[in-house]
Amino acid sequence: MSRDSARELPILTDVVELHATGSFPKPERTPEPESPYAGGLLTEEDVAALQALLVSRTLNLTDELLHSAAREIEAVMFERVIDRLRAALPELVAAALREQLAPGDD
């Protein structure tokens with residue numbers, strides 16, 4: 001191949017010549033890590049500890065949010081019941097008084 005390969009792109013005949021002579025550069029293969037975490041960043045134990053920490057914190061937050069939501073729902077329901085009682089109680093008392101104080105049915 002007569003071209004300076006660092007400066008010019010190879011043409012088809014150059015590529016064919018490289019393949020024919022077996023001097024075509026092969027890319028270096030890097031061995032795959034044994035573990036999905038083996039990049040020097042985390043060990044299996046570190047990943048397990050991180051997973052446990054994340055699960056624990058997530059469950060604690062979920063528990064806190066559910067309890068808070070239950071308290072809010074309870075407060076809303078309590079207010080609705082009190083409002084209904086305030087609306088219905090005057091008529092209930094008036095009806096009972098009319099029944100008891102009505103003249104003549106004795």
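The values are calculated or read from the model by the stated rules, or taken from the named source; none is laboratory data. Quick caveat: nothing in here was measured; it's all calculated off a predicted structure. Here the Cβ is made from the backbone with ideal geometry for all residues, glycine too, and neighbour counts use every protein chain on show. Ligands, DNA and RNA are excluded from the accessible area calculation, which covers all protein heavy atoms including side chains. Shrake-Rupley method; radii C 1.70, N 1.55, O 1.52, S 1.80 Å.
The table below lists the values:
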| item | result |
| --- | --- |
| Test for residue 36: is it modelled with pLDDT under 70, in a loop (DSSP other than H, G, I, E, B) and within 30 Å of the chain's Cα centre (by Cα) | yes |
| In the stretch 45-82, the residues that are open to solvent by 80 Å² or more (accessible area, probe 1.4 Å) and more than 28 Å from the chain's Cα centre (by Cα) | 77, 78, 79, 80, 81 |
| Selection status of residue 76, part of a helix (DSSP H, G or I) and either touching a helix residue (DSSP H, G or I) at 6+ places or on another chain (Cβ under 7 Å) or modelled with pLDDT under 90 (or both) | no |
